[in-house]
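Below is one structure, written out as structure tokens; comments come after it.
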Amino acid sequence: MQKNHFQAKLSGLLILSAILVLLGTLLGSTGANWNALGPDQTILFEIRLPRSLGAYLAGALLGLAGGIAQSLFRNPLADPYLLGSASGALLGVGSILCFAYLGNSWLEMIGLNGGAFLGGLFGVLASLLLAGGYRSSLRLLLSGVVISVILGAANSLFTFVRPDLFQSIQSFMLGNTSLMNWSGVEIMAIALLLCLAIASIMSPVLDALSLGENTARTLGLPLDQLRFVFIGVLALATGCAVAQTGLVAFVGLAAPHLVRKMAGGRQRIQLVFSCLGGGILLLSSDLIARTLFTPIEIPVGIVTAVLGGLYLLILLRRTPFGARP
């Protein structure tokens, strides 16, 4: 019976995902386009379809990273950006924009997407270095906060030195899916399959951690090494998503909460549902962003911040103080 319930919920999420991708392909800031074999073919299959799939995959990566972060650190308010990856990615983009005018060929070869990915990876590595490793979750979280503040100050310095970069950096901070292409979709699809496979195989570790770290150690699990692997998966998933869509707020934080009751406390199912929930949330927000004020598109990060913030406010009102959502 329990297996049938899981299959029904999974089927429902997959059907909803397919419907949203279809709507994302047909609807846009210029209105609805239905003729897939006529003049609308380029708009449908070269612009809207990769954008819709890209938004869904980016949301799935953030949802997976958020699910891992909340289970790994046993903190319902943890999100994919807590280890300095967001400020690091922003620093990478700012560095590329700030120094590209020097004519460095290697900077042009890296590009904004590569700069965001490398910057996010740098932020996570800096947090690990400051924390003295990955053995203490509390030290790692505090280090992530410190690194975020330091790298945020560096980003402010970029906008002070080059005020003309403010609009480009602001666009990255608010999230953007309009530039998505098929190569970005392929990169995120590969990253999602790899991260989800590793996380699913290692999900029993998260089940053990949910009982407490001391209990998990009594089971003979090498928690320190396994925690490092999870941090690597979290960094890879976050970096790939941020490199393609910029900093999209609240998706990684809200998606695991949206599906937590559906998973029934099983971490493997929780991670799969977090992927689907993140994809649904970001693609739904992208549809709203491009159709709400047509023909003007608003940044998708604004929509996710509003929707995610409202949901978390409702969740806080329904959850007794001190209880874990």
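The values are calculated or read from the model by the stated rules, or taken from the named source; none is laboratory data. Keep in mind that what you see is a predicted model, and the values were worked out from it rather than measured. We place every Cβ from the backbone using ideal geometry, glycine too, and count neighbours over all the protein chains shown. SASA here: full protein model, heavy atoms, side chains in, ligands and nucleic acids out. Shrake-Rupley method; radii C 1.70, N 1.55, O 1.52, S 1.80 Å.
A probe of 1.4 angstrom, applied to the heavy atoms of all protein chains, finds residue 21 with accessible area near 30 square angstrom. The region of the chain that goes longest without hitting one of the chymotrypsin sites (Phe, Trp or Tyr not before Pro) in a DSSP loop, each with at most 11 other Cβ atoms within 10 Å, is 35-320.
Computed about its Cα centre, the charge dipole of the chain is approximately 1160 debye, with only Lys, Arg, Asp and Glu carrying charge at their Cβ. Entry note, the range 187-297: relative contact order of 27 percent, from Cα contacts under 8 Å with a spacing of 6+ residues.
Sum up the charges of everything whose Cβ sits under 15 Å from the Cβ of residue 31, counting Lys and Arg as +1 and Asp and Glu as -1, but leave residue 31 out. Surrounding charge for residue 31 is 0.
Taking a probe of 1.4 Å, how large is the accessible area per residue of the chain, in Å²? Each step should come with its number before you reach the end.
Working: 15540 Å² over 325 residues.
With all protein chains present, the chain gives 48 Å² per residue.
Once backbone amide H atoms are built at 1.01 Å from N, residue 246 has 176 as its partners under 5 Å, excluding neighbours fewer than 5 places away on the same chain. Mean sequence separation of contacting Cα pairs (under 8 Å, at least six apart), scaled by the length of the range 239-313, corresponds to a relative contact order of 35 percent. Could you list log10 I(q)/I(0) for the range 2-100 at q = 0.10 Å⁻¹, which the Debye formula gives when each Cα is one point scatterer? Debye intensities relative to I(0), on a log10 scale: -0.49. Per atom type, the chain shows carbon and sulfur on 70% of its accessible surface, probed at 1.4 Å. Stokes-Einstein, applied to the Kirkwood radius of the range 70-170 over Cα pairs at a viscosity of 1.567 mPa s and 4 °C, places its translational diffusion at 92 µm² s⁻¹.
Order 140, 307, 128 by their accessible area, 1.4 angstrom probe, all chains in place, largest first. Mind dumping the intermediate values first?
Values: 140 0, 307 65, 128 25 Å².
Listed by decreasing accessible area, they come as 307, 128, 140.
Phi angles across the range 52-68 convert, under the Karplus curve 6.51 cos²θ - 1.76 cosθ + 1.60 with θ = phi - 60°, into 3J(HN,Hα) values of 5, 5, x, 4, 5, 5, 4, x, 5, 5, 5, x, 5, 4, x, x, 5 Hz, Gly and Pro given as x. Here the label points at residue 224 and residue 32, each 7 Å from Cα along the C-beta direction, are separated by 6.1 nm in the simple model. The value of relative contact order for the chain, using C-alpha pairs under 8 Å at least six residues apart, is 30 percent. Between the C-alpha center of the range 144-166 and that of the range 173-200 there is a gap of 26 Å.
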